[in-house]
Amino acid sequence: MSVKKDLLAVGHTALDYIITVDEFPKANNSAPMKTMKNLNGGAAANVAMIGATLGMKTGLISAVGCEFIDSHYHKNMQKLGVDTEALIISQDENTPTAFVMTNNNQDQISYFYWGAGKEFHDSEVPRDKIKEFKAVHLATGDPHFNCKTGIVAKEEERLVSFDPGQDLGMYSPKKLKEVIANVNILFGNHHEIKRIQESMNVDINGLMDLGPEVVLMTCGSKGSIIYSPDEGKIEVESIYRPAVDPTGAGDSYKAGFVSRLIYGASLEEAAKFASSVSSFVVEKQGCQTNMPTFDEAYNRMIDFYK
């Protein structure tokens with residue numbers, strides 16, 4: 001079978017309700033909302049959508065409610081050519097939904113409804129779908145399903161990347177080690193990589209000995225650091241843009257990085273391109289409201305890293 005598609009993202013698709021209030025109400029009280037926006041999100045969906053906007057042929061394995069199929073969100077995916085044939089559709093639960101409330105002090109309270117995400121655990125990994133793609137990205141989602149998918153993707157000799165993100169605490173040390181053993185690239189911010197090292201009781205070299213050929217640590221406005229046995233330590237400066245909403249920066253970075261790597265770019269060039277992609281996404285509220293084309297991201301990268 002010839003591999004004609006690029007990147008398959010695995011993990012959550014979610015609906016995000018972003019709410020602002022003057023102050024949080026006390027128990028048994030209510031508070032008026034100043035603003036409420038319903039935005040498209042979910043880490044895996046973000047990667048698939050941003051990757052498609054960059055010109056990749058992407059796909060998505062997510063657990064969603066049956067109401068999702070006729071939604072504007074799904075129609076947007078189809079317009080961009082995202083392959084959604086392998087969606088896991090729940091007949092009993094709705095699509096995962098996040099409610100994020102921010103007060104005048106910029107304090108936040110968040111609630112996350114897993115909903116259809118519960119379907120991941122007992123679902124079969126679609127091996128035939130994985131065979132259609134060059135790379136598989138394991139995003140935030142169900143640890144058990146991510147582990148199973150990583151094993152299958154490695155058996156099929158696909159490039160596998162893993163970003164546990166805010167779900168890191170859901171992985172037992174044993175399960176985390178199992179996933180890491182089957183990936184080529186481990187993504188994490190500096191807090192997450194430190195927690196993983198502490199959980200595994202290893203340094204960076206020891207972490208790579210567990211499986212990953214590349215450990216990529218993002219450090220916010222300070223840029224990113226790439227660790228590789230072949231190329232050592234590579235530091236890449238970030239492209240600064242005033243951040244309206246940093247929520248989608250990480251997912252867009254991963255999409256940008258993998259998009260260049262699978263087409264032969266060096267680790268450093270892939271990281272520079274990824275920084276450019278994420279610099280667009282943070283300029284507007286929402287993870288999918290300011291997704292750049294390949295040319296837009298490439299030109300900004302060239303202008304910045306002269």
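Per-structure values
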| read-out | value |
| --- | --- |
| Around Ala9: net Lys/Arg minus Asp/Glu count, Cβ-Cβ under 15 Å | -2 |
| Label-to-label distance, nm, for residues given as Gln91 and Lys131 (7 Å Cα→Cβ offset) | 2.9 nm |
| Binned Cα-Cα distance frequencies in segment 91-240 - 10 Å width, integer % | 10, 34, 34, 19, 3, 0 |
| Given 12 as the ceiling on other Cβ atoms within 10 Å, longest exposed-site-free region of the chain for chymotrypsin sites (Phe, Trp or Tyr not before Pro) in DSSP loops | 1-239 |
| Residue-by-residue Karplus 3J(HN,Hα) for segment 120-128, coefficients 6.51, -1.76, 1.60, Hz, glycine and proline x | 4, 3, 9, 7, 7, 6, x, 4, 4 |
| Sequence-distant residues sharing a close amide H with Val160 (under 5 Å, placed H) | Val136, Asn184, Ile185 |
| Kirkwood Rh in Å, taken over segment 4-94 so that all alpha-carbon pairs contribute | 14.6 Å |
| Distance in nm between pseudo-label sites at Lys194 and Glu235 (7 Å out along the Cβ direction from Cα) | 1.7 nm |
| Segment 171-306: equivalent-ellipsoid semi-axes (sqrt of 5 x gyration tensor eigenvalues, Cα, Å) | 27, 16, 13 |
| Dimensionless Rg/Rh of segment 4-56 - Kirkwood Rh, Rg from C-alpha atoms | 1.25 |
| ³J(HN,Hα), Karplus 6.51/-1.76/1.60, whole Hz, each residue of segment 132-141, x for Gly, Pro | 7, 10, 6, 9, 10, 10, 8, 9, 4, x |
| Three semi-axes of the equivalent ellipsoid, segment 146-232, Cα gyration tensor, whole Å, largest first | 19, 15, 12 |
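Read the figures in this text as sums done on the coordinates, not as results from a lab. Treat the numbers as computed from the prediction; the structure is a model and nothing was measured. Glycine gets a Cβ as well: all are built from the backbone with ideal geometry, and neighbour counts include every protein chain shown.
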